[in-house]
Amino acid sequence: MMQYRFPENFWWGSASSGPQSEGATLRDGKSATIWDKWFDESPNRFFNQVGPQDTSTFYDHFRSDIQLMKQLNHNTFRTSIAWARLIPNGTGEVNPLAVRFYNDMLDELLANGIEPFINLFHFDMPLCMQEKGGWESREVVDAYADFAETCFRLFGGKVKFWFTFNEPIVPVEGGYLYDFHYPNVVDFRRAATVAYHTMLAHAKAVQRYRALQQEGQIGIVLNLTPSYPRSQHPSDLQASKIADLFFNRSFLDPAVKGEYPAELVELLKQYDQLPHCEAGDAELLAQGKVDLLGVNYYQPRRVKARANAVNPASPFMPEWFFDYYEMPGRKMNPHRGWEIYEKGIYDILINLRDNYGNIPSYISENGMGVEGEEKFLVEGQIQDDYRIKFVSDHLQWLHKGISENCACKGYHLWTFIDNWSWSNAYKNRYGFVQLDLATQKRTIKKSGEWFADVSRNNGF
Ligand code: BGP
């Protein structure tokens, strides 16, 4: 009996990214990214010292991988175009081998009835652009807009769903605040500039796309972490409101409403942390409103009022305004150390419905990273019942949201084939398809077969 039937034309698929799956990192004209640089400098920061060159080699195997997607009944797939592959110097000349690869890959997807969702930046800043200051530099913002326009012109006939950025807050947090991405800076003011310039870059790309009047939609992919207070006490509520401003609304508001929340601007002004703004920025941001929002959801954020007063001599951080809170009895994914809270997906959709004009959205990532999955091998196949449960529990809440009029159009699992996860490398596996890194053999997991049925039946 079908309990959860989804709307017609619902998108069922999975998501990946160029830097995590393509491989051929320095081949066929591709230039280095910050990941190549960081791995060269600090291999010990990567799990088992496995770096960005060790991927599932999508660059070489995309045709057979797309056949696997077909077996899994995908009607969509997200990946990204690597700036450092398409325009190796960051600006100027386009790499013909990259054009050929992306055209072939897009043609193959379309020929197999799989709609490409294409993202333009997945943490993979070309090294030459980082050397110009990365997102701290307005010159890089302009270079990105040119790169985006080049993509629209080259591939806009094939791609109808574009995304400017994946999780733009992550390079801010990782690279400029919490030291888990290159360039490993810890400085709030610089982080704020990076965040601000990323949204200017986003808005410029949207503006360029609309000027071309192509048929299609443009959006952004945000990792939203619903911010739950420990209690309804006003000080806990205030803590969660501020965490929400820093970690969700800092990107969600400009992306959907075309402007920053006044409370966030006020707060940063009060602590003298506002990034430098120029004339015309506000008008530009107002033009960056998206057609479609990708929502990555993995875990909630739980906070409480700070226990101790802030030492005003310490460097400014979002954590000046709250403490993290571990809810008693919470469910955990022990491998990744993330809480599992399925209802979060519903709360996000209701928030978008009620406070963001019910912007059309889809779940662009959701998934469960597990270490040591070989333990679950039975007769050559990983029996990942935990992943089936994880996905179906989230889909039930997603279904409830849709039945209450939330405009959610699809679901992508993170990820298709186990892939390279930044500094976690292959520690946690996320795929519907198991990858043997040594032989590059692919084997569909039990969850992949289950998902193929869900997609075929448009429900479960
Ligand atoms: C998201 C990223 C993905 C992917 C995923 C899993 O933040 O968009 O690129 O890596 O998280 O997280 P992790 O690889 O850190 O376990």
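Since every read-out is calculated from the coordinates, none of them should be taken as a lab result. Please read all numbers here as calculations on a predicted model, not as lab measurements. Please note: Cβ atoms are built from the backbone with ideal geometry, for glycine as well, and neighbour counts cover all protein chains shown.
Tell me whether the range 225-239 contains one or more residues that are free of Cβ contacts under 8 Å to residues at least 60 places away in the same chain, of a type in the set (D, E, K, R) and in a helix (DSSP H, G or I). Outline the logic, then answer.
Initial filter on the range 225-239 (free of Cβ contacts under 8 Å to residues at least 60 places away in the same chain): 232, 234, 237.
When the remaining residues are screened for being of a type in the set (D, E, K, R), the result is none.
Taking every residue of the range 225-239 in turn, none turns out to be free of Cβ contacts under 8 Å to residues at least 60 places away in the same chain, of a type in the set (D, E, K, R) and in a helix (DSSP H, G or I).
For the range 282-311, taking the residues that are charged (D, E, K, R) and over 26 Å from ASN358 (Cα atoms), the one that is farthest from the ligand (Cβ to nearest atom) is identified as ARG306. Per the listing ASP272, ASP253, ASP291, ASP323, the residue uniquely crowded, with 17+ Cβ neighbours inside 10 Å and of a type outside the set (A, V, I, L, M) is ASP253.
Would you be able to say whether some residue in the range 189-202 is surrounded by fewer than 21 Cβ atoms within 10 Å (Cβ to Cβ) and free of Cβ contacts under 8 Å to residues at least 24 places away in the same chain? Within the range 189-202, not a single residue is surrounded by fewer than 21 Cβ atoms within 10 Å (Cβ to Cβ) and free of Cβ contacts under 8 Å to residues at least 24 places away in the same chain. Considered as a group, the residues in the range 360-389 that are among the aromatic types (Phe, Trp, Tyr) and within 16 Å of the ligand (Cβ to nearest atom) include one that is surrounded by the fewest Cβ atoms within 10 Å (Cβ to Cβ), and that residue is TYR386.
Quick check on the range 205-224: of everything there that is of a type in the set (A, V, I, L, M, F, W, C) and not in a helix (DSSP H, G or I), which residue is surrounded by the most Cβ atoms within 10 Å (Cβ to Cβ)?
Of the residues in the range 205-224, the ones of a type in the set (A, V, I, L, M, F, W, C) are 205-206, 211-212, 218, 220-222, 224.
Then keep just the ones that are not in a helix (DSSP H, G or I); that gives 218, 220-222, 224.
Details: ILE218: 25, ILE220: 30, VAL221: 28, LEU222: 27, LEU224: 28.
Across the range 205-224, the extreme among qualifying residues is ILE220.
Taken over the range 393-449, the criterion of being aliphatic (A, V, I, L, M) and out of contact with any Cys (no Cβ under 8 Å at 6 or more places or on another chain) is satisfied by LEU395, ALA407, LEU413, ILE417, ALA425, VAL433, LEU435, LEU437, ALA438, ILE444.
Residues that are touching a Lys or Arg at 6+ places or on another chain (Cβ under 6 Å) and within 16 Å of the ligand (Cβ to nearest atom) within the range 219-249 comprise just one, THR225.
Number of residues in the range 109-142 that are under 30 Å from ASN73 (Cα atoms) and within 16 Å of the ligand (Cβ to nearest atom) equals 8. Residues that are under 25 Å from GLY369 (Cα atoms) and either away from the ligand (no atom under 16 Å from the Cβ) or without any contact (Cβ under 8 Å) to a residue 60 or more places away in the chain (or both) were ranked within the range 11-30; the one that is surrounded by the fewest Cβ atoms within 10 Å (Cβ to Cβ) is ALA24.
For TYR260, are the conditions met, namely being of a type in the set (Phe, Trp, Tyr), within 30 Å of PHE161 (Cα to Cα) and within 20 Å of the chain's Cα centre (by Cα)? Criteria not met by TYR260.
Inside the range 333-344, residues that are within 14 Å of the ligand (Cβ to nearest atom) and either in contact with a Cys (Cβ under 8 Å, 6 or more places away or on another chain) or more than 23 Å from ALA307 (Cβ to Cβ) (or both) make up a count of 6. When ASN44 is tested against the conditions (1) of a type in the set (S, T, N, Q); (2) away from the ligand (no atom under 16 Å from the Cβ); (3) in contact (Cβ under 8 Å) with a residue 12 or more places away in the chain; (4) closer than 29 Å to PHE180 by Cα, the lone failure is (3). Looking at the range 383-404, I want the residues that are under 28 Å from PRO360 (Cβ atoms) and touching a residue at least 12 places away in the same chain (Cβ under 8 Å) and have a partner that is outside any helix (DSSP H, G or I) and of a type in the set (D, E, K, R) with Cβ atoms under 6 Å, at least 6 apart or on another chain. Which pairs are those? Within 6 Å, the pairs are ASP393/GLU342; HIS394/GLU342; TRP397/GLU342.
Picking from residues in the range 405-439 that are away from the ligand (no atom under 12 Å from the Cβ), among the aliphatic types (A, V, I, L, M) and in a loop (DSSP other than H, G, I, E, B), the one that is surrounded by the most Cβ atoms within 10 Å (Cβ to Cβ) is ALA407.
Contact map, the range 254-274: residues that are more than 21 Å from ASP187 (Cβ to Cβ) paired with residues that are aliphatic (A, V, I, L, M) and not in a helix (DSSP H, G or I), Cβ distance under 6 Å, separation 6+ or inter-chain. Pairs shown: ALA255/ILE220; ALA255/VAL290; VAL256/ILE359.
Answer yes or no as to whether SER392 is within 12 Å of the ligand (Cβ to nearest atom), touching a helix residue (DSSP H, G or I) at 6+ places or on another chain (Cβ under 9 Å) and in a helix (DSSP H, G or I).
Working: within 12 Å of the ligand (Cβ to nearest atom): no; touching a helix residue (DSSP H, G or I) at 6+ places or on another chain (Cβ under 9 Å): yes; in a helix (DSSP H, G or I): yes.
Considered against the rule, which asks whether it is within 12 Å of the ligand (Cβ to nearest atom), touching a helix residue (DSSP H, G or I) at 6+ places or on another chain (Cβ under 9 Å) and in a helix (DSSP H, G or I), SER392 comes out as no.
Total residues in the range 62-103 satisfying the condition of being surrounded by fewer than 18 Cβ atoms within 10 Å (Cβ to Cβ) and charged (D, E, K, R): the figure is 4.
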